Amino acid sequence: MSNIPAVNALITAINFDRFAEIEARHAPDAVFHSFRGPTLRSSVAIADWHKEFLRDYADCNYTELEYIEQDNVVAVRATIEAKGYDWRPFTQRVVEVLEFNDAGEIAVRRLYGMLRDIELDKAASASMADAQGYKGGSASATRSTMEKLLAAIATGDMDGIRELTHEKATVIDGVFGIATGVENLVDLIASRPAPSFGTERVTRLLAGEHDALLELAIDPSRPRLAEWFRLVDGKVRVVEAYWMLREIGVNPYENYAGDRHARRAILPI
């Protein structure tokens, strides 16, 4: 039985500020990691977090939903449309990873994000259009491609990476930049600052018909990065990087006020 309807129900509850329903859809001891922080460990705390979140993200609407489902885990890529503290509209690309228990409740949830209002250049837009228009593929073929790619990356095999990557592939990283072309893609990913201690490891691989999700962390209890791969004809066409912004030292509130200007009627004196 698919858990995607339950994910959609949660998203609807978020879009319509239904805090009691948000709480009910999580297990009492659910764990929630988000790019805004902090880590929460109860359904009550998660509902309270959403009250603050939806104050800052007024008129919140999850759009452009895409799913990968495997066993009891659903990954959903979305674009949040909302209005900020000054009531100006903005968009923010996010990835949610949700793990369900046997009762159909959300037991673990992770919300990764880019910074707001990411604009794609002409090359990146062409890559996205090509990837989103592709309808072929299979989950088994996608998993095989990703496993071969990870093996090539681990051994520094550039020929293997080129073989599995479209020559005009694009990486879209909302924190560290956008690059097109295999060499530029590899260079951008390699240029990301590395932590002083520990090694970034893949903690989960989810494969769909032509999309895949990688989760990476140094400490598995502290999620760090989710990468959404889009494949065309068995080759990587687009890589989107979504971060736990606070985890990597990026202030998710930077350039945005932390509180909201309340809408008030202006009365005559």
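The values are calculated or read from the model by the stated rules, or taken from the named source; none is laboratory data. Note that the structure is a prediction, hence the values are computed from the model and not measured. Cβ: placed from backbone, ideal geometry, glycine included. Neighbour counts: every protein chain shown. All accessible areas refer to the heavy atoms of the entire protein, side chains included, with ligands and DNA or RNA removed. Shrake-Rupley method; radii C 1.70, N 1.55, O 1.52, S 1.80 Å.
When the range 43-73 is filtered for residues that are out of contact with any helix residue (DSSP H, G or I) (no Cβ under 9 Å at 6 or more places or on another chain), in a helix (DSSP H, G or I) and small (Gly, Ala, Ser), only Ala45 remains.
Quickly run through the range 216-232 and pick out the residues that are touching a residue at least 60 places away in the same chain (Cβ under 8 Å) and within 21 Å of Ala179 (Cα to Cα). Leu225, Ala226, Trp228, Phe229, Arg230, Leu231, Val232 - these are the residues of the range 216-232 that are touching a residue at least 60 places away in the same chain (Cβ under 8 Å) and within 21 Å of Ala179 (Cα to Cα).
Summed over the range 159-189, the residues that are over 20 Å from the mean Cα position of the chain (by Cα) and either among the charged types (D, E, K, R) or loosely packed, with under 14 Cβ neighbours inside 10 Å (or both) give a count of 7. When restricted to residues that are surrounded by 15 or more Cβ atoms within 10 Å (Cβ to Cβ) and modelled with pLDDT under 95, the range 1-40 contains 1. Can you pull out every residue in the range 234-249 that is of a type in the set (Lys, Arg) and either in a strand (DSSP E or B) or free of Cβ contacts under 8 Å to residues at least 24 places away in the same chain (or both)? Residues satisfying the conditions are Lys235, Arg237. For residues in the range 135-150 being over 13 Å from Leu205 (Cα atoms) and at pLDDT 95 or above, which is surrounded by the fewest Cβ atoms within 10 Å (Cβ to Cβ)? Out of the qualifying residues, it is Ser138. Within the option set Phe197, Phe229, being assigned to a strand (DSSP E or B) and among the aromatic types (Phe, Trp, Tyr) holds for one residue only, Phe229.
Tyr62 falls short on exactly one of the conditions (1) touching a residue at least 40 places away in the same chain (Cβ under 8 Å); (2) surrounded by fewer than 18 Cβ atoms within 10 Å (Cβ to Cβ), and that condition is (2). Per the conditions (1) surrounded by 15 or more Cβ atoms within 10 Å (Cβ to Cβ); (2) in contact with a helix residue (DSSP H, G or I) (Cβ under 8 Å, 6 or more places away or on another chain); (3) at pLDDT 95 or above, the sole criterion not satisfied by Ile153 is (3). Annotation: of all residues in the range 76-109 being in contact (Cβ under 8 Å) with a residue 60 or more places away in the chain and among the basic types (Lys, Arg), the one that is most open to solvent (accessible area, probe 1.4 Å) is Arg93. Residues that are touching a residue at least 12 places away in the same chain (Cβ under 8 Å) and farther than 24 Å from Gln70 by Cβ within the range 129-142 comprise just one, Asp130.
The rows are residues; the columns are (1) under 19 Å from the mean Cα position of the chain (by Cα); (2) crowded, with 17+ Cβ neighbours inside 10 Å; (3) at positive phi.
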| position | (1), (2), (3) |
| --- | --- |
| Pro195 | no, no, no |
| Leu206 | yes, yes, no |
| Ala217 | yes, yes, no |
| Pro220 | yes, no, no |
| Ala226 | yes, yes, no |
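Over 20 Å from the mean Cα position of the chain (by Cα), farther than 16 Å from Arg230 by Cα and not aromatic (Phe, Trp, Tyr) - does that describe any residue in the range 104-120? Yes, the conditions are met somewhere in the range 104-120.
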